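To start, the structure itself, in structure tokens.
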Amino acid sequence: MIAAAINTHALAKMAYSSVLAGVGVAVVFSLAIVGVARSGEMRREHRTAAAVAYTALATAGLLLAAGIVIYGLTLVAHKT
């Protein structure tokens, strides 16, 4: 019988890192969606400053979510 050596520390680290990354991307992307939706509402109400602020939130959220995904893909590509 072959005994399988499982590195439980590495497995646990991978599990919580995956959960944190998944939740983080979902939260950041949902902020981008809120920014887009609220920006449209503010423009219809002629509240220009608020519309610009929500547009900035949407842009920052999309860029941050894309950055997180790209960083994750580079980690997978380099197998670190």
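The values are calculated or read from the model by the stated rules, or taken from the named source; none is laboratory data. As the structure is a prediction and not an experimental result, all values here were calculated from the model. Neighbour counts are summed over all protein chains in view; Cβ atoms, including those assigned to glycine, are modelled from backbone coordinates with ideal geometry. Quick note on the areas: whole protein, heavy atoms, side chains included, nothing else; ligands and nucleic acids left out. Shrake-Rupley method; radii C 1.70, N 1.55, O 1.52, S 1.80 Å.
Points worth noting:
- Among the residues making up region 43-80, those that are of a type in the set (Val, Ile, Thr) and free of Cβ contacts under 8 Å to residues at least 24 places away in the same chain are Thr48, Val52, Thr55, Ile70, Thr74, Val76, Thr80.
- Leu75 open to solvent by less than 100 Å² (accessible area, probe 1.4 Å), modelled with pLDDT under 95 and among the hydrophobic types (A, V, I, L, M, F, W, C): yes
- Condition check for Thr55: in a helix (DSSP H, G or I), closer than 30 Å to Met14 by Cβ and hydroxyl-bearing (Ser, Thr, Tyr): no
- Any hit, region 7-27, residues being within 24 Å of Leu73 (Cα to Cα), in contact (Cβ under 8 Å) with a residue 40 or more places away in the chain and surrounded by fewer than 15 Cβ atoms within 10 Å (Cβ to Cβ): yes
- Number of residues in region 60-72 that are open to solvent by 60 Å² or more (accessible area, probe 1.4 Å) and closer than 14 Å to Ala37 by Cβ equals 1.
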